[in-house]
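Note sheet for the following structure.
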Amino acid sequence: PACTCSNLERHTNGKTIEVVYQTRSTIWDEAKQVHEQLVQPRTIRTCTEVPKIHVMLVGIGGNNGSTFVAGLLANRKKLCWETRTGTRQANFLGSFTQCATTHVGFALNSKDGSFSDVYKPIKELLPMADPIDFEVSGWDISGVNLYDAALRSQVLEPTLLEQLKSDLKAIAPMKAALNPEFIASNQSTRCDNVMKGTNVQMIDALRADIRKAKDSAGKVVVLWTANTEMMMFPEITSISDLENRIAQNLPLPASVLYCVAAIQEGVIYLNGSPQNTFHPGVIALAAKRGAFLGGSDFKSGQTRFKTVMSDFLIGSGLRLASVVSYNHLGNNDGRNLSEDKCFKSKKISKQGVLDDAVASNPLLYPEGNSTIDHEVVIKYVPFVGDSKRALDEYSSQIFMSGNSTICAYNICEDSLLAVPLMYDLVVLADILTRMEIDGERLGPILSHLAFFFKAPITNQKDFVVNMFMRQREMLTNLLKVAGGILPDDGTMLSSASEKQLDPEPISGAASVLRPSDRLHEPSRAALAAWVSVEFHLGMHGEHRARQHELALANGSMLVICLPFDGQTCSCVAHR
């Protein structure tokens with residue numbers, strides 16, 4: 001089926017969806033204080049075949065890893081279990097792809113001229129993988145099977161784990177690569193399942209594990225959900241620098257070894273922890289090999305909330321002056337972070353999230369006064385386990401030298417917030433690696449995954465977005481456009497006046513707008529015109545049509561999205 005509108009054309013042949021879309025940007029010349037409009041036609045082609053995905057978790061026996069597998073199995077089996085507050089059922093709450101929606105247009109009422117919003121689930125914008133279909137394996141420094149690992153983590157209810165006992169006991173972690181110099185010394189008690197050998201030998205062993213996974217699936221994703229490592233300096237500056245360090249067996253963090261193995265096997269590597277795995281030399285190797293990277297550090301709770309709050313306060317014209325974040329937790333992540341060399345990695349990751357919010361408003365943050373007092377404290381308190389406590393204080397300067405302070409206190413199971421994001425990252429990494437823009441694949445960095453990371457890396461390292469709503473809009477708009485849905489312009493001009501749109505047809509207005517047509521200016525001025533829009537879609541040898549009415553307010557544009565047996569067509573008409 002094909003759809004054409006003023007700046008979007010959609011074609012599909014059953015194997016791909018091809019969209020020609022005109023990106024519109026405003027380019028400013030700050031020196032001259034002038035701007036010009038930049039319009040660029042871009043072609044996005046997406047393969048519609050969803051591959052079988054094998055997820056390989058680094059740290060599969062940890063809180064996140066064991067919860068990832070148990071949650072996936074519980075949803076696949078549609079399990080219910082008893083708790084002291086009643087019966088609970090498996091779900092994907094907290095998953096952006098499985099439980100979130102996005103605005104795709106408006107439904108118009110032809111009788112009274114009113115309109116209402118239409119929302120569509122994220123997972124229906126494009127053909128996406130279902131997490132319950134994932135195959136999963138992984139590595140861990142502890143050789144405990146996943147049933148015992150899940151019991152040790154104390155995240156999920158025992159009544160649920162008992163139903164999954166046979167499945168989880170059958171999963172044993174593969175031997176893990178490890179350089180103990182880069183993690184806390186208190187992790188030594190868990191290290192009973194570790195590879196031995198040189199950098200080259202460990203990379204070769206990891207590649208062999210990845211190749212086995214590739215034999216059983218169409219796509220492999222390696223996802224680091226293990227402990228935070230110490231930052232490594234000096235950085236690896238080039239491919240030759242990386243190759244020399246590997247060959248000479250110089251100390252390298254395990255995350256770099258896993259990442260290099262994934263790159264050499266041409267699979268996706270995602271970094272869920274804050275260490276600086278993606279050195280310039282590692283990124284250059286990924287670009288050379290055509291591999292894909294995404295990271296770093298899952299953004300699920302306190303930091304995600306911080307990106308919302310800073311956007312809200314600064315966007316409201318208040319000068320956010322101080323942000324103090326404290327949290328304590330008792331899981332193994334907290335234990336590892338209790339050692340200063342690992343905590344520094346987390347602190348660096350958390351502190352950068354305010355940078356673009358500050359840069360967005362030079363009125364509040366002029367040169368010479370452009371900093372926010374920002375402190376991050378993390379403490380290890382074994383008693384609270386995975387139930388992390390997070391306290392945040394946001395202090396702002398307000399009208400006439402006043403001050404305003406907002407405090408937030410959050411209690412949550414840390415892993416139950418992080419795991420749904422891990423599902424999302426796999427689902428979206430797959431769809432992004434099935435896309436081409438102007439005939440070229442994305443990458444090597446999957447920049448649109450920034451929504452899920454505290455310290456996102458991008459293909460333009462000097463341009464990083466952290467603000468929550470902007471990140472979300474960037475991701476959802478790409479998915480909508482790739483699916484053939486025109487993003488909203490957001491002006492809502494048709495509601496700028498309280499006068500209702502006239503539902504009566506106006507003489508001289510066009511009667512039918514087909515996908516290949518555009519509306520031209522009517523011969524006489526009018527407040528509103530009604531146009532019957534007829535879409536023809538060829539499906540399974542049949543032609544089906546549906547009529548809808550499109551309201552045109554003077555000087556405005558409306559987007560109409562109509563579902564056709566699970567597919568969506570969109571059309572734009574200009575006054």
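For every residue, the table says whether it meets (1) of a type outside the set (Gly, Ala, Ser); (2) closer than 30 Å to residue 434 by Cα.
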site: 290; (1), (2): no, yes
site: 320; (1), (2): yes, no
site: 339; (1), (2): yes, no
site: 360; (1), (2): no, no
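Return the pairs, sorted by first residue and then second, in which the second residue is open to solvent by 10 Å² or more (accessible area, probe 1.4 Å) and of a type in the set (D, E, K, R), the first residue lies in the range 215-230 and is touching a residue at least 40 places away in the same chain (Cβ under 8 Å), the beta carbons are less than 6 Å apart, and the residues are 6+ apart or on different chains. Taking only residues 6 or more apart or on different chains, the pairs are 217/52; 217/135; 218/52; 220/214; 228/346; 230/341.
Quick one: what pairs do we get from the range 187-210, first residue free of Cβ contacts under 8 Å to residues at least 24 places away in the same chain, second basic (Lys, Arg) and open to solvent by 60 Å² or more (accessible area, probe 1.4 Å), C-beta under 7 Å, 6+ apart or different chains? Between residues of the range 187-210 that are free of Cβ contacts under 8 Å to residues at least 24 places away in the same chain and residues that are basic (Lys, Arg) and open to solvent by 60 Å² or more (accessible area, probe 1.4 Å), the close pairs are 195/175.
The set of residues in the range 404-426 that are more than 30 Å from residue 226 (Cα to Cα) and free of Cβ contacts under 8 Å to residues at least 24 places away in the same chain comprises 405, 407. Among the conditions (1) in contact with a strand residue (DSSP E or B) (Cβ under 9 Å, 6 or more places away or on another chain); (2) free of Cβ contacts under 8 Å to residues at least 60 places away in the same chain, residue 401 misses just one, which is (1). Within the range 91-121, work out how many residues are surrounded by 16 or more Cβ atoms within 10 Å (Cβ to Cβ), among the hydrophobic types (A, V, I, L, M, F, W, C) and either in contact with a strand residue (DSSP E or B) (Cβ under 6 Å, 6 or more places away or on another chain) or free of Cβ contacts under 8 Å to residues at least 60 places away in the same chain (or both). The number of residues fulfilling the criteria is 5. Could you tell me whether residue 457 is in a strand (DSSP E or B) and of a type in the set (Val, Ile, Thr)? Here the answer is no, as residue 457 does not meet what is asked. Looking only at the range 51-66, how many residues end up being open to solvent by 10 Å² or more (accessible area, probe 1.4 Å) and within 20 Å of residue 428 (Cβ to Cβ)? The total comes to 4. Picking from residues in the range 372-395 that are assigned to a loop (DSSP other than H, G, I, E, B) and either touching a helix residue (DSSP H, G or I) at 6+ places or on another chain (Cβ under 7 Å) or under 16 Å from residue 306 (Cα atoms) (or both), the one that is most open to solvent (accessible area, probe 1.4 Å) is 372. Please determine, by comparing only the residues of the range 449-470 that are open to solvent by 50 Å² or more (accessible area, probe 1.4 Å) and not aliphatic (A, V, I, L, M), which one is modelled with the lowest pLDDT. Top of the filtered list is 462.
Criterion applied to 8, 73, 38 was being open to solvent by less than 70 Å² (accessible area, probe 1.4 Å) and closer than 29 Å to residue 193 by Cα, and the one residue passing it is 73.
The values are calculated or read from the model by the stated rules, or taken from the named source; none is laboratory data. Just so you know, these numbers come straight off a predicted model, no measurement behind them. Heads up, the Cβs are rebuilt from the backbone with ideal geometry, glycines too, and the neighbour counts pull from every protein chain shown. Please note that ligands, DNA and RNA were not included when accessible areas were found on the heavy atoms of the full protein model with its side chains. Shrake-Rupley method; radii C 1.70, N 1.55, O 1.52, S 1.80 Å.
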